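Taking it in order: structure first as structure tokens, then the write-up.
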Amino acid sequence: MRILLHTCCAPCLVVPLDDLRAEGHDVTALFFNPNIHPFTEYLRRLDSFTTYARDNDVRVLNGQRLDGMEEWLREVVFREAQKCRICFNFRMDRVAALAEAKGFDAFSTTLLYSRFQKHDLLKSICEAVSETHGIPFVYRDWRTGWNEGVKRYRKLGLYRQKYCGCIYSEKERALKIM
């Protein structure tokens, strides 16, 4: 299958990419993360992703922000209690629509690798946008490869952020360490 793989960051790409390639899939990565703030953090993550993709012959669909930062902010503001649901839906809806428009057979996301994401919520949102766009969602629970992935991305020296990406998660992290 030709799979469009939404990629949140380089460290989270390592295990899912290898897994899908081992299954014989043709994987194209898409870095679409308008939630990442501040912009300098976004650029650090994009640079790390770009370097990893280049060094590992990963085909990349250039999505960058897809002019989504301001729209993402408008969707989340005053709805902070539902920020993760809104964020997942915002990004996965765009990914599924793009996969459909570009003729991919399916889509997935490296967010399924992270132990820190709301896994069940993400899965249900991906299933719903899959139905909406009529494109299959490839589900894998890549959290099982967490420890190996950590060893591998550390060995590669990949930049690893300390929060999900949004301004709210940055604040939550800062309050925990204070």
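Some notes on this structure:
- Selection status of R160, surrounded by 12 or more Cβ atoms within 10 Å (Cβ to Cβ), basic (K, R) and not in a helix (DSSP H, G or I): yes
- Candidates are the residues of region 163-178 that are in a helix (DSSP H, G or I) and small (G, A, S); the one that is farthest from the chain's Cα centre (by Cα) is A174.
- The residue of region 141-178 that is modelled with the lowest pLDDT, among those that are within 30 Å of E75 (Cα to Cα) and in contact with a Ser or Thr (Cβ under 7 Å, 6 or more places away or on another chain), is Y163.
- Tally, over region 33-55, of residues that are within 13 Å of the chain's Cα centre (by Cα) and assigned to a loop (DSSP other than H, G, I, E, B): 4
Yes or no, residue by residue, for (1) surrounded by fewer than 12 Cβ atoms within 10 Å (Cβ to Cβ); (2) out of contact with any helix residue (DSSP H, G or I) (no Cβ under 6 Å at 6 or more places or on another chain); (3) more than 20 Å from L30 (Cα to Cα):
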position	(1), (2), (3)
Y113	no, no, no
K118	no, no, yes
W146	no, yes, yes
I177	yes, yes, yes
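- Filtering I135, I125 for residues that are aliphatic (A, V, I, L, M), touching a Phe, Trp or Tyr at 6+ places or on another chain (Cβ under 8 Å), closer than 17 Å to T28 by Cβ and touching a residue at least 24 places away in the same chain (Cβ under 8 Å) leaves a single hit, I135.
- Candidates are the residues of region 61-79 that are modelled with pLDDT under 90 and touching a Phe, Trp or Tyr at 6+ places or on another chain (Cβ under 9 Å); the one that is nearest to C166 (Cα to Cα) is M69.
- Of the residues making up region 17-32, those that are in a strand (DSSP E or B) and touching a Ser or Thr at 6+ places or on another chain (Cβ under 8 Å) are A29, L30.
- Flag for K83 being of a type outside the set (A, V, I, L, M, F, W, C) and surrounded by fewer than 18 Cβ atoms within 10 Å (Cβ to Cβ): no
- Residue match in region 79-90 (condition: under 19 Å from L156 (Cα atoms) and assigned to a helix (DSSP H, G or I)): no
- Only one entry of V14, V60 meets the criterion of being of a type in the set (A, V, I, L, M), touching a residue at least 12 places away in the same chain (Cβ under 8 Å) and assigned to a helix (DSSP H, G or I), and that entry is V14.
- Contact map, region 78-95: first residue touching a residue at least 60 places away in the same chain (Cβ under 8 Å), second residue in a helix (DSSP H, G or I), Cβ cut-off under 6 Å, separation 6 or more or different chains; pairs are K83/V76; K83/Y168; M92/I125; M92/C126; M92/V129.
- Candidate set: region 4-57, residues that are closer than 19 Å to R173 by Cα and of a type in the set (F, W, Y); chosen: the one surrounded by the fewest Cβ atoms within 10 Å (Cβ to Cβ): F39
- F104 vs. criteria under 13 Å from the mean Cα position of the chain (by Cα) and not aliphatic (A, V, I, L, M): no
- Among the candidates L98, L112, residue that is in contact with a His (Cβ under 8 Å, 6 or more places away or on another chain), under 20 Å from C12 (Cβ atoms) and part of a helix (DSSP H, G or I): L112
The values are calculated or read from the model by the stated rules, or taken from the named source; none is laboratory data. Model, not experiment: these values are computed from the prediction. Here Cβ is always computed from backbone atoms with ideal geometry, including for glycine, and neighbour counts include all displayed protein chains.
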